[in-house]
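Since the structure comes first, as structure tokens, the remarks are kept for the end.
The values are calculated or read from the model by the stated rules, or taken from the named source; none is laboratory data. This is a predicted model, so every value here is computed, not measured. For neighbour counting, all protein chains shown are included, and Cβ atoms are generated from backbone atoms with ideal geometry for every residue, glycine included.
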Amino acid sequence: MTMSSLTTKYLPTVQHSGQRTASITGITIHHMAGNLTIEQCSACFQPPREASSNYGIGSDGSIGCYVDEENRAWTSSSWQNDNRCITIEVADNIVGEPWSISDAAYKSLIALCADICKRYNIVPSYDGTANASFTEHRMFAPTGCPGTTIHNWLVNGKIIADVKMKMIEGDNVKERKVWQYAANMTDAQKWLPKWNKDGSVTLISKACNLALDVQGGSKSSGALVQAYPQNGTDAQKWKLVQIKGKYNPAGVAPFEIVPVLNSKLRLDVKGGSLADKTDVQIYKANNTNAQRWLVLDDGNGYWVLVNVNSGKTLDVKGGGK
């Protein structure tokens, strides 16, 4: 009998197919389409109703285990998916669109997914297909499950980034090095813009959910830039100033990226280098292309920042791992 150490209560059901015939390589997140406790969800997984899941999470953050991990639950309308994936039902704290979940439920969901991924050596990924390590019920049946909120968090990368971050929480090093690197369109080169009330923007790495940050909150020219846990300080706030000139089309005009800490400085590739793995810093404004960046949208709401001088992309070392 295998279950996560995070389990609050074991509520077994006989509604399963017995031992899996495939290795565990993924997770499928569902929603309860109701604000059920883990006990109420368990009651739904008793005969004659033919349904179950490996886990359920209540709005209070409690975690119930219904089907041992080594057994295949009846959850996703797909024998193959349920054979390889651990399935999780999450309570909705609002019934109806957008089928939101509580902060406590989300925290437990991320912790449980991270625990499962670490124990089974699963690399969290989502690409909207059944081949990724995170899948959805709607891929296999005409259903809205897991609801709009969870679905959107999978599509925009929030859940994947938060699970990855939770998996590395035990590391001594919190920050991640930022440098320029040849464009490869990996998550390490994608940044989610979060706009602040003062008109500045905070850039969140899709790879590790860390913010683009000036080391030590320095206001000095030459201070290095890193990816660091989000803290809402000015060290993680930036303003974009578009360069005036004859660009065709106008939308491709590059930007200078200005730290809120010191408006006289710019996001800059150290030494104007053209090489991969060159440090990125804040440096006194000098009107060079080393301080100019193309801001490209990847089509899913993330920005890719390309240095005009080198053609290299702002990147988190090691993909944020």
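When Val269, Val258 are checked against the criterion of being closer than 17 Å to Leu314 by Cα, of a type in the set (Val, Ile, Thr) and without any contact (Cβ under 8 Å) to a residue 24 or more places away in the chain, a single residue qualifies: Val258. Any idea which residue in the range 42-73 is surrounded by the fewest Cβ atoms within 10 Å (Cβ to Cβ), counting only those that are over 13 Å from Leu112 (Cβ atoms) and touching a residue at least 60 places away in the same chain (Cβ under 8 Å)? Residue satisfying both the conditions and the ranking: Glu70. Counting only residues that are of a type in the set (D, E, K, R) and touching a Pro at 6+ places or on another chain (Cβ under 9 Å), the range 299-321 holds 0 of them. Here the condition is being of a type outside the set (S, T, N, Q), at pLDDT 95 or above and not assigned by TED's automatic domain parsing to the domain that holds Gly299; of Ile116, Ile94, it holds for Ile116 alone. Residues of the range 49-82 that are of a type in the set (Asp, Glu) and in a helix (DSSP H, G or I): Asp82 alone.
Of the residues making up the range 106-161, those that are within 26 Å of Asn35 (Cβ to Cβ) and β-branched (Val, Ile, Thr) are Ile110, Ile116, Thr135, Thr143, Thr148, Thr149, Ile150, Val155, Ile159, Ile160. Checked against (1) surrounded by 20 or more Cβ atoms within 10 Å (Cβ to Cβ); (2) not in a loop (DSSP other than H, G, I, E, B), Asn209 meets all criteria but (2). Whether a residue is assigned by TED's automatic domain parsing to the domain that holds Ile159 and part of a loop (DSSP other than H, G, I, E, B) was assessed, and Gly34 passes this test. Among the residues making up the range 283-321, none is assigned to a strand (DSSP E or B), free of Cβ contacts under 8 Å to residues at least 12 places away in the same chain and either crowded, with 22+ Cβ neighbours inside 10 Å or on the phi > 0 side of the Ramachandran plot (or both). Taking the range 196-211 as the range and being of a type in the set (A, V, I, L, M), touching a Ser or Thr at 6+ places or on another chain (Cβ under 8 Å) and without any contact (Cβ under 8 Å) to a residue 60 or more places away in the chain as the test, only Ala211 passes. The sole residue among Glu39, Glu89 that is buried (at least 23 other Cβ atoms within 10 Å of the Cβ), of a type outside the set (Val, Ile, Thr), touching a residue at least 24 places away in the same chain (Cβ under 8 Å) and not in a loop (DSSP other than H, G, I, E, B) is Glu89.
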